[in-house]
1. Write out the trypsin sites (Lys or Arg not before Pro) in region 1-58 meeting two conditions: DSSP loop, and at most 12 other Cβ atoms within 10 Å of their Cβ.
2. Considering only lysines 8 or more places apart in sequence, or on different chains, count the pairs in the chain whose C-alpha atoms sit under 23 Å apart.
3. Starting from the amide H of Gly80, placed 1.01 Å from N in the peptide plane, find each other amide H under 5 Å away whose residue is 5 or more places distant or on another chain.
4. Taking 0.36 nm per residue of sequence separation and subtracting the Cα-Cα distance, how much length would be gained by fully extending the chain between Lys24 and Ala75, in nm to one decimal?
5. What share of the DSSP beta bridges in the chain is antiparallel, in percent to the nearest 5?
6. Add +1 for every Lys or Arg and -1 for every Asp or Glu among the other residues with Cβ under 14 Å from the Cβ of Glu45, and state the total.
7. Starting from region 22-85, pick out the chymotrypsin sites (Phe, Trp or Tyr not before Pro) whose DSSP state is loop and whose Cβ has at most 10 other Cβ atoms within 10 Å.
Amino acid sequence: MRTIKYKARDGLEISAVLTLPPGKEAKNLPLILLPHGGPFARDDESWDWWTQFLASRGYAVLQPNYRGSSGYGTAFTKKGRGQWG
């Protein structure tokens, strides 16, 4: 598990937790996108049984902390208003 950052199409930097299967090279793996159930929540590098189960089956798992996720300040939270649906 590690935290990565990527830019959304509008340039906003988004943090995400990437979990890779043990013993596999981080290349050409099937990927599962697993967003949290928020919006007022966030994923971190703590133990998550579902993520670990999927990784143990050979999947890379990406858990994005999309705009509106908690823990990134008021401005980031406000960027998510009206964007869920």
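Bear in mind that the values in this text are calculations on the coordinates, not laboratory data. As the structure is a prediction and not an experimental result, all values here were calculated from the model. All Cβ positions, even for glycine, are placed from backbone atoms using ideal geometry, and neighbour counts span all protein chains on display.
1. Arg9, Lys27, Arg57
2. Lysine pairs meeting both conditions in the chain amount to 7.
3. So Gly80 has HN proximity to Gly68.
4. 14.6 nm
5. On the way: 11 of 14 bridges.
Here the antiparallel bridges make up roughly 80 percent for the chain.
6. 0
7. Trp47, Trp84
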